[in-house]
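Here the structure is laid out as structure tokens; the discussion comes afterwards.
The values are calculated or read from the model by the stated rules, or taken from the named source; none is laboratory data. Note that the structure is predicted; figures quoted are calculated from it, not measured. No Cβ is skipped: glycine too gets one built from the backbone with ideal geometry, and neighbour counts run over all protein chains shown.
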There are 4 protein chains.
Amino acid sequence: MRIGIWLAGARGSVAVTSIVGATAVRAGLADPAGCVTELPPLRDANLPPLGDLVFGGHDITGIPLVKKADSLVTAGVLPGGIAGSLGAELAAVDRDIRPLPSAGSQRETARLITADIVAFRDRHGLDRVVVINVASTEPVADHDPAHAGLAALEAALGETRAVLPPSALLAYAAFRAGCAFVDFTPSTGARLPALEELAAEAGLPHAGRDGKTGETLVKSVLAPMFAMRDLRVRTWAGTNLLGGGDGANLADPAANAAKAGSKQRVLREILGYQPQGSSHIEYVDDLGDFKTAWDLITFTGFLGVGMRMEFSWHGCDSALAAPLVLDLGRLVAVAHAAGRVGPLTELAFFFKDPLGDVPHALADQWALLTRFARELPHV
Amino acid sequence: MRIGIWLAGARGSVAVTSIVGATAVRAGLADPAGCVTELPPLRDANLPPLGDLVFGGHDITGIPLVKKADSLVTAGVLPGGIAGSLGAELAAVDRDIRPLPSAGSQRETARLITADIVAFRDRHGLDRVVVINVASTEPVADHDPAHAGLAALEAALGETRAVLPPSALLAYAAFRAGCAFVDFTPSTGARLPALEELAAEAGLPHAGRDGKTGETLVKSVLAPMFAMRDLRVRTWAGTNLLGGGDGANLADPAANAAKAGSKQRVLREILGYQPQGSSHIEYVDDLGDFKTAWDLITFTGFLGVGMRMEFSWHGCDSALAAPLVLDLGRLVAVAHAAGRVGPLTELAFFFKDPLGDVPHALADQWALLTRFARELPHV
Amino acid sequence: MRIGIWLAGARGSVAVTSIVGATAVRAGLADPAGCVTELPPLRDANLPPLGDLVFGGHDITGIPLVKKADSLVTAGVLPGGIAGSLGAELAAVDRDIRPLPSAGSQRETARLITADIVAFRDRHGLDRVVVINVASTEPVADHDPAHAGLAALEAALGETRAVLPPSALLAYAAFRAGCAFVDFTPSTGARLPALEELAAEAGLPHAGRDGKTGETLVKSVLAPMFAMRDLRVRTWAGTNLLGGGDGANLADPAANAAKAGSKQRVLREILGYQPQGSSHIEYVDDLGDFKTAWDLITFTGFLGVGMRMEFSWHGCDSALAAPLVLDLGRLVAVAHAAGRVGPLTELAFFFKDPLGDVPHALADQWALLTRFARELPHV
Amino acid sequence: MRIGIWLAGARGSVAVTSIVGATAVRAGLADPAGCVTELPPLRDANLPPLGDLVFGGHDITGIPLVKKADSLVTAGVLPGGIAGSLGAELAAVDRDIRPLPSAGSQRETARLITADIVAFRDRHGLDRVVVINVASTEPVADHDPAHAGLAALEAALGETRAVLPPSALLAYAAFRAGCAFVDFTPSTGARLPALEELAAEAGLPHAGRDGKTGETLVKSVLAPMFAMRDLRVRTWAGTNLLGGGDGANLADPAANAAKAGSKQRVLREILGYQPQGSSHIEYVDDLGDFKTAWDLITFTGFLGVGMRMEFSWHGCDSALAAPLVLDLGRLVAVAHAAGRVGPLTELAFFFKDPLGDVPHALADQWALLTRFARELPHV
């Protein structure tokens, strides 16, 4: 099975790290560390080989991948030697990255996006393409009556106004191209009734949302620990300092609100109550692609005695996200081949704000994921 | 079913916190926060009520419980109001705490310990007594040929030398009294072939060892997170600053070695390899019953990029241990009633250095525990 | 010399901790730990004895001091024994705390405040009263043409609008009563040209502003370290989690802005440039009178190599502030007696946002303070 | 004035970083960040230009500097571009680094060391050479009667036994060559009565010991903060995780003891009492030239309320040490030219364990240093 990965935001840090990594693994220059699908219980699931993935995508900038890769080397995200030796392979992928289309109506824009994806699939003779959104986080979208059903949406798409935020328009175009869709960002993506209807009608699966790469990952194992020990969490407050493109974007209060909300939801879901405190996001340009998160947790135990825990996490967001993008591409492609339709709730393991009524504790999500992988048919 | 809890080290901080807590819950003065057996999946297991537990034990000191409780109030471990209103109840328990016997031979000492336990059981008409070791940590015991089998042990017990360390002699005496045994410390306890043989012969269960109350608890959820995400842990180094009686004791290099070893084992078991770094223990009198642990974790992800995490944990060891002592008393009593014999490996959730070939990830231990509780017969 | 301390916000945590502490020291129940004026170089400055200070003040609430003290015992700020034994003394001070007056014009309100202060001075036969603002932080005040000079201010005070924020009206009333004034908060206080004019005309000293009790204190020693070693600070970002009354108040964006600004100023003043990052303030009710601050500092050294430091500070704000309030009362009283007029810039040591063109490094401020104390006349 | 810097351990990380840095500054490839002598108050002291320093030294290994520099690039200590472009300059310095001599008696070994230093001075026509010990830390040396006076030492040097540890033999040889000596390590160096006598007789200055580059630097500003605020430090306990050559060496209990001792001395000197807790050192190979130190400080304030602070420091030891080595070379050379004899106590700013009865607070040491620099004659 030949699989294509179509990346929205294909010249961004996460996308370029994914492309360089998969290419390096194929060339035997790196091992697939950080790829969950390479761990024993998933490795046996007959997924398409990592090295066989074909990349394409959209981006608003035209900076060549090799140049972007160089800047990621300088930033300490990519190792110098590897990126330098993949010039030809990256130039080849460059030819499959198109400028993001924009037309007079969203219907026409979607048609152009769909056409680019279909052309990519045809050009490479791919069995299946998974469309993955790794573009910058959008502000929270306004509600619109046209989101409620497919018929209303289709009517509204012909108007001049923008009825869908870009991430949802992308999901629409992906479904229209017959492709599965993954939202790796906190943006709207396929999370509208009209798009759920379209996915069902077209018989396509989708997954999301918001890749779990740092502070929330830690919360998803620490919060169950407090719950399993019947320790009452009173305060869980944290701050995230991050640079990079998405950092600047998240400093925007509207985007920030979306992200901070999903960051605290995990606590309420796991603990059954909402501790005091919030999750603050601050942009610090100097930190580049790295993120420092600090959390304070105060809790009480037997007879009410007060205790506390702090942690700080210094992670490279792009390096944490990229292998998950590859994992999702492989898993969703096989789910598509297996005839799965609608939200792939079993992939909650990968997301901060997972689709469906699913567990938020990482160990439970892992059990869900490994069972899912075991039961995938050989395709 | 009437259950007795016989505590070795009955006037120590952990024991007194357990006794005060259970008494306060019975009197309606406190809720059983921190008791795992009060959480939904275990609460339904038909365990004997927390308030029905009867306490007794041995100690080398004779300080009245009420006085020890006062000092725990000053230390911030117990709330002032509660301890002050339980004077009569604590005085009643005082009468069931005996001086630790010591005779010319270990056989005779064991006989006196057994006699104290049996008298306690008879005096209160208890169906069952669980003996729990919460005494100070011993130095690692020397190997002795007499540990290898029950016959050899019986012969050696009549000699004047001490063939068994105190914790193992306690386990021997408990089994001879027909009681289940729990080792909440890193000491030897029932972990000798001769004592396993005795437990089997007497048809008794036992559990251990070394209650998991702080840094190792955190390790048992963070290490699986790194494993599930295929992030390679390079360094995991930590330091534990602790005061209190056990702190002074653990500063002894021999005891320290025992504890630090079991603290790193969890990483090797979960990760499948041993990261660099060790776990250091230091006694700081000023910290009293509280402990501060700090850990540094460095790890690499996709394409080898280096990242790091730090955490610090400020916990009250006695308050974290006491509810687990109550949990273990209830669970082991029912397992005894249900006819379980030998090591109760399903109780790994409670221990740093669990018996048997069991998972070390907390979520897996939780699954094991809840299944165990579900399958306990109604007795 | 008999000295009175008139506290605006006299029933708040800082004020009550100050009053209880001074009373306990007088009664021989506590030592004056945390009082800078009791350290060798200042102890010899012939300041009025701590135990001789007489307290009075204004507050909008009428909760008795003894009740407020009890709540501070519960919160862990005051030791139980001490507060309990000072009932009579605290009740006596209660009689010198008046409800904050409010009249139709600010001129009339000021007249009533002045009258209360004068009556307090007369009632106790005090040589001198120092008025100290420890009330809640105000929002940043709007500019007003009447702030520019005393004549314009006097005219405006007769109007019905509020030309001065409460802290500035307090300073006005204090000066009209012939008293020195200290602003321990980030509010406006005496920092208006019209009030500077009044202080000069009345021959009175004043000091401020914003007591330096936690994160900024640490910054004032760490930033000079980086400067003296020529290490370039790139990011200095922090978060402050605090409960208590002032915490709720500072969560208000307007007050927050005032405080966060003065918190970063110290870096620019010491380093000579402004690193990236800001100082975030968040209200977490559960933390009570304690505050947790966390700061991340990234810096580069020789040949540009990147390094980092983090610190977390868990302090009790009232306990850190109260001894400084006593110090300031003593020092400002003697400065007043010695004929000092206008801003006491030598007291920069005590403040986050000190008056005048003064050093911000703590060691330099200490040198300034000790020289000031040495040169104070014996009065 | 032409100055030579003779480095014992000239191919180690600190030495190579110093050499590369000075060479890069001369070539205009880097600015002298981290050099204290380039800050305003010292820059004006008429020190020899950084770029004019000439380097030589001893080492037991013969690895070329350019190769060692490459490994420091890989380790993240040196920037890639710079080290790569200095091949010719480093090869030139290589020719001035000799194998460490070793003969049948220490007298003969010293004679060979002296001869190497003198030849270096003559070869380059240097006015003055400063010998700086940056070799690995030695175990604490045993006392020897021959250390007590120069005559006894001279007699013992002819024997076959090693009367002096290597660092002291180096100081001896330096003085015999008419050179000033600096001990940047915790080793013995010139700190023996016999060597003090020799320095006095030869009219030579010396400085030391143990460069202050991380945790102790932070202590030297935080401890004065607690002292100036009259906050009682109860516990100050820390752990240092370090890799690199010196890390492995310091893991040796004997060397460790020397270092840990000097690390706590600073607290006693500044606070006037010794808080509880110790400073632990652990070798973690994976950390390379970087060091992570974590410290816990508990303290009490007004009325005994308990508070705490933690910090962690992630520094690159070689990058922190190298500019100080250059600073010391320049300052000591000028002090020598100015006729200073014996310990240069004014250089306490640079050392963990400074010579003489000097202040340990960094700000006081800075005042001492800047006055020293101001008063240096123009030579």
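Residues in segment B:353-371 that are within 14 Å of chain A (Cβ to nearest Cβ) and touching a helix residue (DSSP H, G or I) at 6+ places or on another chain (Cβ under 8 Å): B:Pro359, B:His360, B:Ala361, B:Leu362, B:Ala363, B:Asp364, B:Gln365, B:Trp366, B:Leu368, B:Leu369, B:Thr370, B:Arg371. When each of B:Ala162, B:Ala174 is tested for being under 19 Å from the mean Cα position of the chain (by Cα) and either in contact (Cβ under 8 Å) with a residue 60 or more places away in the chain or surrounded by fewer than 20 Cβ atoms within 10 Å (Cβ to Cβ) (or both), the lone residue that passes is B:Ala174.
When you check A:Leu347 against the structure, is it part of a helix (DSSP H, G or I), within 13 Å of chain B (Cβ to nearest Cβ) and out of contact with any Asp or Glu (no Cβ under 7 Å at 6 or more places or on another chain), yes or no? Spelling it out, it is not the case that A:Leu347 is part of a helix (DSSP H, G or I), within 13 Å of chain B (Cβ to nearest Cβ) and out of contact with any Asp or Glu (no Cβ under 7 Å at 6 or more places or on another chain). Checking each residue in segment A:301-314 for being at the interface with another protein chain (Cβ under 7 Å from one of its Cβ atoms) and assigned to a strand (DSSP E or B) picks out A:Met307, A:Arg308, A:Met309, A:Glu310, A:Phe311, A:Ser312, A:Trp313, A:His314.
Scanning segment D:350-379 for residues that are under 20 Å from the mean Cα position of the chain (by Cα), surrounded by fewer than 18 Cβ atoms within 10 Å (Cβ to Cβ) and charged (D, E, K, R) turns up just one, D:Asp357.
Residues in segment D:32-60 that are at positive phi and either out of contact with any Phe, Trp or Tyr (no Cβ under 8 Å at 6 or more places or on another chain) or basic (Lys, Arg) (or both): D:Asn46 alone.
Among the criteria (1) closer than 21 Å to C:Pro101 by Cβ; (2) within 14 Å of another protein chain (Cβ to nearest Cβ), the one C:Ala174 does not fulfil is (2).
In segment D:12-30 there is at least one residue matching the filter, namely being away from chain C (no Cβ under 14 Å), under 27 Å from D:Asp116 (Cβ atoms) and not polar (S, T, N, Q). Looking only at residues that are within 14 Å of chain C (Cβ to nearest Cβ) and assigned to a helix (DSSP H, G or I) in segment D:76-95, which one is nearest to D:Ser167 (Cα to Cα)? Only one residue tops the list, namely D:Ala83.
For segment C:301-316, the candidate set comprises residues that are more than 28 Å from C:Val77 (Cα to Cα) and buried (at least 22 other Cβ atoms within 10 Å of the Cβ); within that set, the residue that is nearest to the chain's Cα centre (by Cα) is C:Met309.
For the structure I just gave you, tell me whether D:Arg107 is of a type outside the set (Val, Ile, Thr), over 22 Å from the mean Cα position of the chain (by Cα) and part of a helix (DSSP H, G or I). Considered against the rule, which asks whether it is of a type outside the set (Val, Ile, Thr), over 22 Å from the mean Cα position of the chain (by Cα) and part of a helix (DSSP H, G or I), D:Arg107 comes out as yes.
Answer with yes or no whether C:Arg98 is more than 20 Å from C:Arg128 (Cβ to Cβ), away from every other protein chain (no Cβ under 14 Å) and modelled with pLDDT of 95 or more. So C:Arg98 fails the test.
Considering segment B:275-284, the residues that are out of contact with any Lys or Arg (no Cβ under 7 Å at 6 or more places or on another chain) and part of a strand (DSSP E or B) include one that is farthest from the other protein chains (Cβ to nearest Cβ), namely B:Tyr283. Per this entry, B:Glu138 is not counted among residues that are away from every other protein chain (no Cβ under 14 Å), over 23 Å from the mean Cα position of the chain (by Cα) and not small (Gly, Ala, Ser). When B:Asp70, B:Asp96 are checked against the criterion of being in contact (Cβ under 8 Å) with a residue 40 or more places away in the chain and acidic (Asp, Glu), a single residue qualifies: B:Asp96. The lone criterion from (1) surrounded by 19 or more Cβ atoms within 10 Å (Cβ to Cβ); (2) farther than 20 Å from C:Asp230 by Cα left unmet by D:Pro99 is number (1). Here A:Ala146 qualifies as more than 20 Å from A:Ile60 (Cβ to Cβ), more than 22 Å from the chain's Cα centre (by Cα) and hydrophobic (A, V, I, L, M, F, W, C). If you filter segment D:285-300 down to residues that are outside any strand (DSSP E or B) and under 23 Å from the mean Cα position of the chain (by Cα), you find that the one that is farthest from B:Val233 (Cα to Cα) is D:Asp289. No other residue among D:Arg232, D:Arg191 is in contact (Cβ under 8 Å) with a residue 60 or more places away in the chain, surrounded by fewer than 23 Cβ atoms within 10 Å (Cβ to Cβ) and within 14 Å of chain B (Cβ to nearest Cβ) apart from D:Arg232. Determine whether C:Leu126 is more than 22 Å from C:Ser13 (Cβ to Cβ) and in a loop (DSSP other than H, G, I, E, B). When the stated conditions are applied, C:Leu126 passes them. Annotation: D:Asp317 fulfils all but one of (1) facing chain C (nearest Cβ under 8 Å); (2) closer than 30 Å to A:Phe311 by Cβ; (3) not aliphatic (A, V, I, L, M); the unmet one is (1).
Restricting segment D:34-56 to residues that are over 18 Å from the mean Cα position of the chain (by Cα) and within 11 Å of chain C (Cβ to nearest Cβ) leaves a set whose member that is modelled with the lowest pLDDT is D:Pro41.
In this structure, does B:Phe302 turn out to be without any contact (Cβ under 8 Å) to a residue 12 or more places away in the chain, in contact with a Gly (Cβ under 7 Å, 6 or more places away or on another chain) and aromatic (Phe, Trp, Tyr)? Here the answer is yes, as B:Phe302 does meet what is asked. Would you be able to tell me the number of residues in segment D:1-53 that are assigned to a loop (DSSP other than H, G, I, E, B) and touching a strand residue (DSSP E or B) at 6+ places or on another chain (Cβ under 8 Å)? Residues meeting the conditions: 9. Among the residues of this structure, B:Val134 does not count as one that is within 18 Å of B:Glu201 (Cα to Cα), touching a strand residue (DSSP E or B) at 6+ places or on another chain (Cβ under 7 Å) and not acidic (Asp, Glu).
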